[in-house]
1. Assuming 0.36 nm per residue, please report the length gained on full extension of the stretch Leu56 to Val256 beyond their Cα-Cα distance.
2. Okay, helix-only estimate at 222 nm for the chain: each DSSP H run of n ≥ 4 adds -39500 (n - 2.57), divide by all residues, round to 500 deg cm²/dmol; what do you get?
3. Tell me, what HN-Hα J-couplings in whole Hz come from the Karplus equation 6.51 cos²θ - 1.76 cosθ + 1.60 at θ = phi - 60° for each residue of segment 284-301, using x for Gly and Pro?
4. Compute the relative contact order of the chain as a whole-number percentage, counting only Cα pairs closer than 8 Å that sit 6 or more residues apart in sequence.
5. Compute the length gained on full extension between Arg294 and Lys242: take 0.36 nm times their separation in residues and subtract their Cα-Cα distance, giving the result in nm to one decimal.
6. Could you work out how far apart the two model spin labels at Leu183 and Glu155 are, taking each label as a point 7 Å from the Cα in the direction of the beta carbon, and quote it in nm?
7. Could you sort out which of Lys52/Lys242; Lys52/Lys252; Lys51/Lys252; Lys32/Lys252; Lys129/Lys348; Lys51/Lys348 sit more than 27 Å apart by Cα distance in this structure?
8. Whole-Hz Karplus ³J(HN,Hα) for segment 170-179, in order, using 6.51 cos²θ - 1.76 cosθ + 1.60 and θ = phi - 60°, x for Gly and Pro?
Amino acid sequence: MTEQTSRTWAVIHLDRLARNYETLRKLAPHSKFAGLVKANAYGHGAVPVAKKLEQLGADYLLVACLDEAEELREAGVQAPILILGYTPVSATEALLRQRIVQTVYDPEQARAFSDAALSLGGRLRCHLKADTGMSRLGILCDESHLKQGAESLAEMARLPGLEPEGIFMHFSDADTCPEYSELQIRRFRSLLERLETMGITFPIRHCCAGAATLNYPQAHLDMIRPGILLYGHSPDHSCDGKIPLEPVMEVKSHVVSVKRLPRGTCVSYGRTYTLERDSLVAAVPVGYADGLFRLLSNRQEMLVRGQRVPQIGRVCMDMCMLDVTDLPQVQVGDEVTVFGDGLPLEEKADALGTISYELLCAVSPRVKRVYVE
């Protein structure tokens, strides 16, 4: 199946991914680079993207869970892989066998992983997680818990079955709140200094995802992990335009029907749109089962023959309709851009009050990915 025979497809521009990668590496030339490929590489396709990043020289690939890591290993990806989230201790053998690095964020979990690794005759490579204000995973290390947090992390780092090669944290609001972000940086530095006095150091200290990579160069440390930026989108409008990036994904479809309908005709389910003039209406085979949110009904545009046209009526599971009255030359087979060049994804995200991450991840598996260099 090709884009010519697909009902709807996503064009993934690997050449743009490469240029974004090079742009981001220049921001932190002395730091390692971790490529985020979790959630199917933010919808772009984990295996092709991971292989491209490996080819480009990414130092690490980051995933959310063991299934995602194993998919890459089974596809032949050899680069170091770090799981950012939960993995059951029962999977220790798989982690060791496949050379997968695990995040460890709790003393009890750390002891269990250490015991399991020792029983298998190995040591588990891991990164320890500090909580400086995200309040998700990790050892709490704010001002009131710095001493206790450092002691817990030191105890974890000394476990005989663990090989702690890194330590990291997550920013909570690196996009819009410099005061809180700078507080988190101070907390992390204080933690690292206290651990060093206890004889505990780590080869890789990291905390900067997308917004922090742009906004806090003093926190680049040993590795950066810019996620959404790699795919050509800003983590927040406050970051727009700070560096030149190219959106990697475009979603395309095509016109499958064109019909003339009289003024007063209702369009689609629920009759949420009524034609105010005699109109030319095109049907396009893309709907909410493809990741085009139903809440975008009557609130978005698409591109046909390079011209913006409004989407009208409710988005259906497999289709939606466009008002192409002002484009009378339209015909069946014409390509439609759902989002991409000339039609930023951020417009749809803003209409929904959400972020581009969510819409990229929502592009469903039945939308064929077509990779171009």
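The values are calculated or read from the model by the stated rules, or taken from the named source; none is laboratory data. Since we're looking at a predicted model, the values are computed, not measured. With ideal geometry, Cβ positions are generated from the backbone for all residues, glycine too; neighbour counts draw on all protein chains shown. Keep in mind that these areas ignore ligands, DNA and RNA; they rest on the heavy atoms of the full protein, side chains included. Shrake-Rupley method; radii C 1.70, N 1.55, O 1.52, S 1.80 Å.
1. Numbers: separation 200, 0.36 × 200 = 72.00 nm, distance 3.94 nm.
This chain segment gains 68.1 nm when fully extended.
2. Numbers: 12 runs with 115 residues, N = 373.
The helix-only estimate for the chain comes to -9000 deg cm²/dmol at 222 nm.
3. With the stated coefficients, segment 284-301 comes to 10, x, 9, x, 5, 6, 9, x, 8, 4, 4, 5, 7, 3, 6, 10, 8, 10 Hz.
4. Values: 792 pairs, mean separation 67.7, N = 373.
About 18 percent, as a whole number.
5. Values: separation 52, 0.36 × 52 = 18.72 nm, distance 3.21 nm.
Between Arg294 and Lys242, full extension yields an extra 15.5 nm.
6. 2.7 nm
7. Working: Lys52/Lys242 25 Å; Lys52/Lys252 23 Å; Lys51/Lys252 24 Å; Lys32/Lys252 35 Å; Lys129/Lys348 34 Å; Lys51/Lys348 30 Å.
Going by Cα-Cα distance, Lys32/Lys252; Lys129/Lys348; Lys51/Lys348 fall outside the 27 Å limit.
8. These are the phi-based 3J(HN,Hα) values: 10, 6, 8, 8, 6, 6, 10, 10, x, 4 Hz.
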